[in-house]
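Each value in this text was obtained by applying a stated rule to the coordinates, not by laboratory testing. Everything numeric here is computed off the predicted structure, so don't read it as measured data. Virtual Cβ from ideal backbone geometry, glycine too; neighbours counted across all protein chains shown.
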């Protein structure tokens with residue numbers, strides 16, 4: 001070892017260098033991989049007990065660099081995922097960040113976190129996905145696979161991975177998902193009468209009869225709600241919300257304006273008037289661009305807060321097992337009622353914001369029936385002043 005130390009020399013610019021690190025009691029080999037924006041040289045390093053070992057590792061590292069950039073040998077899956085979570089999702093809503101963090105924490109890092117990214121192969125990813133398929137449904141499994149794939153692509157762009165093996169592996173079929181509940185016509189009528197005069201009543205009416213998503217309703221502001229007929233413009237709600245903080249929508253179909261049935265427009269007018277009166281009584285200023293469904297502090301309600309109030313309304317309406325319901329099922333019920341009223345699937349897809357009929361058929365297939373009318377008009381007919389009509393095929 002001492003003899004090897006004696007023959008060492010200072011490397012020239014651009015050459016590999018090998019030196020003895022006394023603190024680590026090992027030889028260190030360094031490869032120059034360019035310069036930082038500030039002009040400081042960047043190096044990728046390997047170590048070994050002898051110079052011969054280090055030279056072999058440097059040759060391997062050089063081969064990796066020649067193949068595709070500057071991928072470090074010891075960079076792990078966990079590091080790639082954590083870096084993507086912290087840097088690759090900037091501008092997303094906190095709810096989306098929380099979802100991705102949860103998927104990474106529970107389904108990626110525990111199983112693959114210690115694996116070196118350069119050594120991760122298709123067989124390992126395939127086995128991992130098959131294992132996750134035993135506990136996750138199709139949509140969750142797709143998201144988990146996406147976390148790993150996007151993390152690796154993020155690393156590739158920064159020279160920390162040579163390839164993305166996830167792209168070589170087919171997505172298996174996940175476990176069967178829990179079937180969605182859907183309100184029957186009589187249950188829907190009871191729900192529409194429950195807790196009238198409260199914010200959750202207006203919230204449920206808007207979701208059930210118009211098909212607005214809960215993530216669109218919670219941040220909804222009054223300047224996106226038109227409750228009066230204005231010339232040729234009918235009452236409607238603009239739902240342009242997405243998971244992006246700057247407000248741009250995920251797809252073209254995510255930005256849509258939905259006509260409100262007559263009774264929905266009336267409910268929203270009455271609710272707005274009560275809200276204005278409550279603000280005045282509390283000495284608060286009501287704003288036309290303020291939240292439609294704010295919490296007691298004037299902030300946007302959390303999904304948990306809405307769910308708790310929704311289940312309380314279901315109990316008041318006499319719906320069985322309200323603890324098994326989620327607010328998403330209001331959209332399922334909206335689709336069910338429209339389909340049972342013979343609205344074409346193309347129209348239903350437009351109402352619920354799908355870019356085509358595939359998602360509508362796949363997600364709501366148990367609620368759909370072969371189908372001719374506009375969604376708002378249909379809801380007025382279903383729940384109109386003339387009383388309810390029996391709807392064939394209603395769940």
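Going by average Cβ neighbours within 10 Å, how do the peptides 76-86, 95-105 rank, with the highest at the top? Write down the numbers at each step before the final one.
Values: 76-86: 19.9, 95-105: 16.0.
My ranking of the peptides, most packed first, is 76-86, 95-105.
Just order 308-315, 293-300 by mean Cβ neighbour count inside 10 Å, highest at the front, would you? Each step should come with its number before you reach the end.
Numbers: 308-315: 17.6, 293-300: 12.2.
Top to bottom by mean Cβ count within 10 Å: 308-315, 293-300.
Taking every pair of distinct Cα atoms and averaging 1/r, then inverting, what Kirkwood hydrodynamic radius in Å comes out for segment 77-168? Provide the component values of the computation, followed by the final result.
Values: mean 1/r = 0.0759 Å⁻¹.
Result for segment 77-168, one decimal place: 13.2 Å.
Arranged from highest to lowest average of other beta-carbon atoms within 10 Å per residue, in what order do the peptides 199-207, 120-128, 319-327, 186-194 appear?
Details: 199-207: 23.0, 120-128: 16.0, 319-327: 14.3, 186-194: 17.9.
The densest-packed peptide leads the list: 199-207, 186-194, 120-128, 319-327.
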